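A short reminder: the numbers here are calculations on the coordinates, not readings from a lab. In this text the structure is predicted, and so the values were computed from the model without any measurement. Here Cβ is always computed from backbone atoms with ideal geometry, including for glycine, and neighbour counts include all displayed protein chains.
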Amino acid sequence: MQTTGIDHVAIICSDYDKSKYFYVNILGFSIIKETFREQRKSYKLDLKVGEYDQIELFSFPNPPQRLSQPEACGLRHLAFQVEDIEKTVLELESKGVEVEEIRIDELTGKQFTFFRDPDNLPLEIYQK
């Protein structure tokens, strides 16, 4: 797999206001964009980390405590930016990795999909 970097790290929090305060006021990350998604009753807070890196902080009503549920508290997934998502999917599948169907991000219009590591951690590839 030929990656060009990490696109973003997504974290689901249990208390949005407390987490927003921590990441913005304690750690000093700047807010790129804050979106409230009415149909999901959730916030998405895009934070700038360093010069090029980004954290997406999500809130969901009553997220389960997890390790295996993708909409639970903690690390949601790790996303890798790639030059050619279709080529990358084929490469992963040729190595026996199950990859979900490619989808379109409703906020950015970019293509993305998920696969899992041996410990079931969701990993994402995201079109550059």
- Message: If each DSSP helix of 4+ residues adds -39,500 (n - 2.57) and the sum is divided by the residues in the chain, what number results at 222 nm, nearest 500 deg cm²/dmol?
- Response: -3500 deg cm²/dmol
- Query: Just one of (1) 0.93; (2) 1.20; (3) 0.97 is Rg/Rh (Cα atoms, Kirkwood Rh) calculated from these coordinates, so which is it?
  - Reply: (3)
- Of all DSSP beta bridges in the chain, what percent run antiparallel (nearest 5)? 75
- Taking the chain as the reference, fit the longest principal axis to its C-alpha atoms, fit the long axis of helix 85-94 to the helix C-alpha atoms, and give the angle between the two in degrees, 0 to 90, nearest 10. 60
- Only Lys, Arg, Asp and Glu count, each charged at its Cβ (+1, +1, -1, -1), so figure out the dipole size of the chain about its Cα centre, rounded to 20 debye. 480
- Residues VAL99, VAL24, VAL89, VAL82, sorted so that the one with the fewest Cβ neighbours within 10 Å comes first: VAL24, VAL99, VAL89, VAL82
- Between the residues GLY50, LEU78, PHE29, the Cα farthest towards the positive end of the dipole of the range 3-127, that dipole coming from +1 and -1 charges on the beta-carbon of Lys, Arg, Asp and Glu, is from PHE29
- Percent RCO, i.e. relative contact order, over the range 1-48, from Cα pairs under 8 Å lying at least 6 residues apart: 26
- Item | Count, lysine Cα pairs under 13 Å in the chain, 8 or more residues apart or across chains | 8
- Query: When a footprinting reagent is the concern and you count Cβ atoms within 10 Å, what order do TYR52, TYR43 take, fewest first?
  - Reply: TYR52, TYR43
- Message: Using a Förster radius of 41 Å, what is the FRET efficiency between ASN25 and LEU90 based on their Cβ-Cβ separation? Nearest 0.05, please.
- Response: 0.40
- Task: Normalising by the residue count of the range 1-106, find the relative contact order in percent from Cα pairs under 8 Å and 6+ residues apart.
- Result: 34
- Amide H contacts of HIS8 (H built 1.01 Å from N, under 5 Å, at least 5 apart or other chain): ALA79
- Item | Longest segment of the chain lacking GluC sites (Glu not before Pro) that sit in a DSSP loop with at most 11 other Cβ atoms within 10 Å | 1-50
